[in-house]
Amino acid sequence: MSETILTLKDVQLSLSANAGVVEILHDISLDVARGETLGLVGPSGSGKSSLLMLMGGLEQATAGEVHALGQNLTDMNEDALARFRRNHMGIVFQSFHLIPTMTALENVATPLELAGVVDAFERAEAELNALGLGARIDHYPSQMSGGEQQRVALARASATRPEILLADEPTGNLDETTGASIIDAMLGLREQYGTTIILVTHAADLAARCDRIVRLRDGRIDSETRQQAAE
């Protein structure tokens with residue numbers, strides 16, 4: 001039996017807005033196995049990104065519990081959550097979130113330095129080389145294409161060898177070919193390091209490469225599909 005690395009139990013999420021309280025997620029229960037690749041799909045506004053943020057402790061559940069690696073994220077304060085993410089998770093966003101005044105190397109090395117990695121710059125350089133960015137190490141984000149920036153963001157997320165990688169529409173701003181190459185690189189982390197990958201995407205062909213697809217609708221799990229064979 002596969003080890004469960006992430007569990008959500010009866011999770012709900014409500015946010016306050018000018019018009020009142022908005023219900024985002026309703027009674028979500030979900031288990032994710034170690035080393036699994038999970039695709040979260042559904043229409044815009046269905047709660048996919050909110051669910052991913054709960055999994056990473058970037059949003060706190062209004063009700064229910066989120067457990068990752070045996071720890072209850074809903075009991076942690078912001079500092080504890082930040083330490084947990086630093087030590088165990090990598091996160092990739094659609095809009096890259098690179099620091100514009102830092103080179104590619106600095107963007108990847110800085111989180112490693114903060115985590116106390118002694119050879120932060122050497123590891124960052126190796127990670128960038130592995131993603132085909134050896135010639136871009138000293139370039140700033142504005143000097144790189146969207147695909148190159150997303151590869152830097154992926155290098156930053158993966159350099160700490162996270163057990164869980166969360167990706168929110170990582171190919172949303174990229175063309176089809178570039179997006180596919182980013183997914184190839186992400187799935188390579190699972191093959192090489194056993195990383196558990198949870199991916200939010202609108203692209204059916206990319207979701208189809210995951211072991212399992214969970215479809216959300218109106219803040220609820222609408223269906224689950226397990227692939228016959230993952231690529």
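The values are calculated or read from the model by the stated rules, or taken from the named source; none is laboratory data. Remember, predicted model here, so these are calculated numbers, not experimental data. As a convention, Cβ positions derive from the backbone with ideal geometry for all residues, glycine included, and neighbour counts pool all protein chains shown. Just so you know, the surface numbers come from the protein's heavy atoms only, side chains and all, with ligands and any DNA or RNA stripped out. Shrake-Rupley method; radii C 1.70, N 1.55, O 1.52, S 1.80 Å.
Numbers at a glance
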read-out	value
Pick from the range 62-87, criterion touching a strand residue (DSSP E or B) at 6+ places or on another chain (Cβ under 6 Å) and in a helix (DSSP H, G or I), ranking: least open to solvent (accessible area, probe 1.4 Å)	L73
One residue from L189, L165 being assigned to a helix (DSSP H, G or I) and of a type in the set (A, V, I, L, M, F, W, C)	L189
Residue, surrounded by the fewest Cβ atoms within 10 Å (Cβ to Cβ), within the range 105-121, restricted to residues that are modelled with pLDDT under 90 and assigned to a helix (DSSP H, G or I)	L114
Pairs where the first residue, in the range 44-55, is under 16 Å from I197 (Cα atoms) and the second is open to solvent by 30 Å² or more (accessible area, probe 1.4 Å), C-beta under 6 Å, 6+ apart	M53/E59
So I137, is it among the β-branched types (V, I, T), modelled with pLDDT under 95, crowded, with 16+ Cβ neighbours inside 10 Å and over 18 Å from I5 (Cβ atoms)	no
Total residues in the range 14-29, condition in contact (Cβ under 8 Å) with a residue 60 or more places away in the chain and either touching a helix residue (DSSP H, G or I) at 6+ places or on another chain (Cβ under 8 Å) or not in a strand (DSSP E or B) (or both)	3
D10 being over 19 Å from the mean Cα position of the chain (by Cα), within 21 Å of D222 (Cβ to Cβ) and open to solvent by 70 Å² or more (accessible area, probe 1.4 Å)	yes
First in the range 87-102 and more than 18 Å from R190 (Cα to Cα), second anywhere and modelled with pLDDT under 90 and open to solvent by 70 Å² or more (accessible area, probe 1.4 Å), Cβ under 6 Å, 6 or more apart	Q94/N173
Matching residues in the range 88-104 - criterion: being in a helix (DSSP H, G or I) and within 13 Å of the chain's Cα centre (by Cα)	H88
Search result, residues across the range 190-211 that are farther than 18 Å from K48 by Cα and either open to solvent by 40 Å² or more (accessible area, probe 1.4 Å) or not polar (S, T, N, Q) (or both)	R190, E191, Q192, Y193, G194
Residues satisfying the stated conditions in the range 192-204, i.e. within 20 Å of A130 (Cβ to Cβ), free of Cβ contacts under 8 Å to residues at least 40 places away in the same chain and either outside any helix (DSSP H, G or I) or not hydroxyl-bearing (S, T, Y) (or both)	Q192
